[in-house]
Amino acid sequence: MSVTKVIIHLENFRHNIACVRQQVGPHPLICAPVKADAYGHGAITIAKTALNAGAAYLAVARVSEGVQLRRAGITAPLLFLSLALPQELRRIAAYRLSPFVAEHQDISRLVYAASSAGVRIPVHLKIDTGMGRLGCRPEEAVELARHIVQSPALEYAGTATHLAVSDSQTLADMQYTTRQLSLFADAVGAIRQAGIDPGLVHAANSGAVIQHPSAYLDMVRPGIILYGYSELPGLAFEPVMELRSTLIFIKKVYAGESISYGRTWTASADTQIATIPVGYADGLNRRLSGKHRVLIKQQFYPLVGRICMDQCMVDLGAETDIRRGDSVTIFGGEADSAAVLASHIGSIPYELTCALNKRVPRLFV
């Protein structure tokens with residue numbers, strides 16, 4: 001087995017779902033996004049853990065992701081967080097995915113696919129209230145809802161929107177989120193006034209779960225907080241992922257000698273340099289070169305020189321009891337979290353967790 005591995009702490013994941021349930025109360029359903037291989041954590045195991053911990057829905061962003069879960073024996077509702085392309089319709093019908101719709105053309109295509117397959121496809125109407133990505137305009141919602149309910153091959157399963165800045169605490173962004181929720185409430189109200197049941201009404205992402213209770217509605221879709229990261233004060237979410245490896249080489253480096261490509265780091269004094277077999281091909285972002293520290297024997301040591309495709313180097317200092325074969329934690333566990341790494345390079349933690357390559361095995365504990 002590879003000496004570099006990703007440790008997935010399932011107890012932390014279950015704890016995070018419990019935190020969400022504590023926050024939103026007993027009523028809203030929880031939809032756990034497991035897209036992008038569960039943010040790099042392993043979709044099948046995370047999906048099963050989420051369902052066992054109380055999630056009612058799962059969400060994917062690619063049809064292939066939904067197919068993978070169905071083939072793994074998962075029967076729970078799968079929300080497809082995108083609009084179906086014509087070439088995807090047959091698999092959406094065959095594997096019972098629940099796609100978003102936002103245009104009459106989307107609905108008509110799904111009607112044809114469902115009728116051809118002899119099934120009834122559940123759909124969720126997506127309304128764009130200010131994200132500017134997917135969804136119909138609020139004033140178009142009633143006509144689209146009417147089209148859905150007039151199509152026997154479709155089930156009108158839900159109505160959704162997505163919040164653009166719910167994780168921000170600036171006054172302008174708080175007001176923007178309030179406006180989004182107001183537009184959404186008006187659109188859903190108009191659907192109901194037309195005599196149509198909008199199904200499950202849902203809007204709350206991670207930020208809204210923490211600071212916008214009016215967004216809870218019938219279902220919440222917490223994303224990154226389930227994996228342990230939030231920039232907002234509140235519940236004690238626990239990071240689920242830990243990246244570990246093993247020191248494979250240690251050598252003495254003399255003052256004036258440089259390390260790695262580009263000679264960006266030069267030893268100011270005699271020291272010991274250790275090599276770790278993890279690099280940017282594994283998902284350790286190259287921009288972290290010279291900006292990160294790793295944990296070895298309960299002590300932090302800085303990365304030095306440029307991160308290579310398959311290795312990176314750390315400075316152990318002139319005197320050390322660390323030896324080749326010792327374990328090293330790159331992030332997670334008792335080391336810095338992915339959120340700390342992300343802050344070094346102006347990114348977000350889920351970019352880092354999603355980037356961890358499949359050649360790094362996942363170990364679920």
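The values are calculated or read from the model by the stated rules, or taken from the named source; none is laboratory data. Since this is a predicted model, take the numbers as computed values, not measurements. FYI the Cβ positions are ideal-geometry reconstructions off the backbone, even for glycines, and counts take in every protein chain you see.
Please go through the range 307-347 and give me each residue that is hydroxyl-bearing (Ser, Thr, Tyr) and over 23 Å from Arg287 (Cβ atoms), ordered by number. Listed by number, the residues that qualify are Thr320, Ser327. For the range 268-289, filtered to residues that are free of Cβ contacts under 8 Å to residues at least 40 places away in the same chain and in a loop (DSSP other than H, G, I, E, B), the residue that is surrounded by the fewest Cβ atoms within 10 Å (Cβ to Cβ) is Ser268. Taken together, the residues in the range 135-157 that are surrounded by fewer than 21 Cβ atoms within 10 Å (Cβ to Cβ) and among the hydroxyl-bearing types (Ser, Thr, Tyr) amount to 1.
Scan the range 235-250 for residues that are over 19 Å from the mean Cα position of the chain (by Cα) and among the small types (Gly, Ala, Ser) and jot them down.
Within the range 235-250, the subset over 19 Å from the mean Cα position of the chain (by Cα) is 244-250.
Once the filter is applied, which keeps residues that are over 19 Å from the mean Cα position of the chain (by Cα) and among the small types (Gly, Ala, Ser), the range 235-250 yields only Ser245.
Only one entry in Leu200, Leu134, Leu181, Leu163 is touching a residue at least 40 places away in the same chain (Cβ under 8 Å) and closer than 24 Å to Gln87 by Cα, namely Leu134.
When Ala36, Ala93, Ala114, Ala32 are screened for being surrounded by fewer than 22 Cβ atoms within 10 Å (Cβ to Cβ) and either part of a strand (DSSP E or B) or among the hydrophobic types (A, V, I, L, M, F, W, C) (or both), only Ala36 passes. Annotation: of all residues in the range 328-341 being more than 15 Å from Cys312 (Cβ to Cβ) and either β-branched (Val, Ile, Thr) or free of Cβ contacts under 8 Å to residues at least 60 places away in the same chain (or both), the one that is surrounded by the fewest Cβ atoms within 10 Å (Cβ to Cβ) is Glu334.
Looking only at the range 17-28, decide whether some residue is in a helix (DSSP H, G or I), under 23 Å from Asp282 (Cα atoms) and in the same structural domain as Pro122 (by TED's automatic domain parsing). Lay out the reasoning, then the answer.
Of all residues in the range 17-28, those in a helix (DSSP H, G or I) come to 17-24.
Adding the requirement that they be under 23 Å from Asp282 (Cα atoms) leaves none.
No - not one qualifying residue is present in the range 17-28.
Would you call Leu232 in contact (Cβ under 8 Å) with a residue 12 or more places away in the chain, under 20 Å from the mean Cα position of the chain (by Cα), closer than 23 Å to Pro33 by Cβ and in a helix (DSSP H, G or I)? Spelling it out, it is not the case that Leu232 is in contact (Cβ under 8 Å) with a residue 12 or more places away in the chain, under 20 Å from the mean Cα position of the chain (by Cα), closer than 23 Å to Pro33 by Cβ and in a helix (DSSP H, G or I). A single member of Pro222, Pro198 is of a type outside the set (A, V, I, L, M), assigned to a loop (DSSP other than H, G, I, E, B) and within 26 Å of the chain's Cα centre (by Cα), and it is Pro222.
Hey, could you check the range 96-111 for residues that are in a loop (DSSP other than H, G, I, E, B) and more than 15 Å from Val60 (Cβ to Cβ) and say which is farthest from the chain's Cα centre (by Cα)?
Step one: list which residues in the range 96-111 are in a loop (DSSP other than H, G, I, E, B), which gives 96, 102-103.
Pick out the ones that are also more than 15 Å from Val60 (Cβ to Cβ) and you get 102-103.
Values: Ala102: 23, Glu103: 27 Å.
Among those that are in a loop (DSSP other than H, G, I, E, B) and more than 15 Å from Val60 (Cβ to Cβ), it is Glu103.
Here is a list: Ala55, Ala76. Which entry is assigned by TED's automatic domain parsing to the domain that holds Lys35, in contact with a strand residue (DSSP E or B) (Cβ under 8 Å, 6 or more places away or on another chain), assigned to a loop (DSSP other than H, G, I, E, B) and surrounded by fewer than 20 Cβ atoms within 10 Å (Cβ to Cβ)? Even if it seems obvious, please write down each step before you answer.
Values: Ala55 fails: surrounded by fewer than 20 Cβ atoms within 10 Å (Cβ to Cβ).
Among Ala55, Ala76, only Ala76 is assigned by TED's automatic domain parsing to the domain that holds Lys35, in contact with a strand residue (DSSP E or B) (Cβ under 8 Å, 6 or more places away or on another chain), assigned to a loop (DSSP other than H, G, I, E, B) and surrounded by fewer than 20 Cβ atoms within 10 Å (Cβ to Cβ).
Looking at Gly262, Gly325, just one residue is at pLDDT 95 or above, within 35 Å of the chain's Cα centre (by Cα), in a loop (DSSP other than H, G, I, E, B) and surrounded by fewer than 13 Cβ atoms within 10 Å (Cβ to Cβ), and that residue is Gly325.
Within the set Leu316, Leu303, Leu341, the sole residue that is part of a helix (DSSP H, G or I) and out of contact with any Asp or Glu (no Cβ under 6 Å at 6 or more places or on another chain) turns out to be Leu341. Among the residues of the range 76-109, the ones that are at pLDDT 95 or above, of a type in the set (Ser, Thr, Tyr) and in contact with a Phe, Trp or Tyr (Cβ under 7 Å, 6 or more places away or on another chain) come to 1 in all.
If you go through the range 306-322, how many residues are over 30 Å from the mean Cα position of the chain (by Cα) and either loosely packed, with under 15 Cβ neighbours inside 10 Å or at pLDDT 95 or above (or both)? Spell out how you get there, then give the answer.
Looking only at the range 306-322, we keep the residues that are over 30 Å from the mean Cα position of the chain (by Cα), and these are 315-322.
Those still in the list that are either loosely packed, with under 15 Cβ neighbours inside 10 Å or at pLDDT 95 or above (or both) too: 315-319, 321-322.
Matching residues across the range 306-322 total 7.
Which one is surrounded by the most Cβ atoms within 10 Å (Cβ to Cβ) among residues in the range 160-208 that are closer than 19 Å to Met219 by Cβ and among the acidic types (Asp, Glu)? Only one residue tops the list, namely Asp167. When the test is whether a residue is closer than 22 Å to Gly42 by Cα and under 32 Å from the mean Cα position of the chain (by Cα), Gly333 passes it. Does the range 110-121 contain any residue that is in contact with a Pro (Cβ under 8 Å, 6 or more places away or on another chain) and either farther than 22 Å from Ala47 by Cα or modelled with pLDDT under 95 (or both)? Yes.
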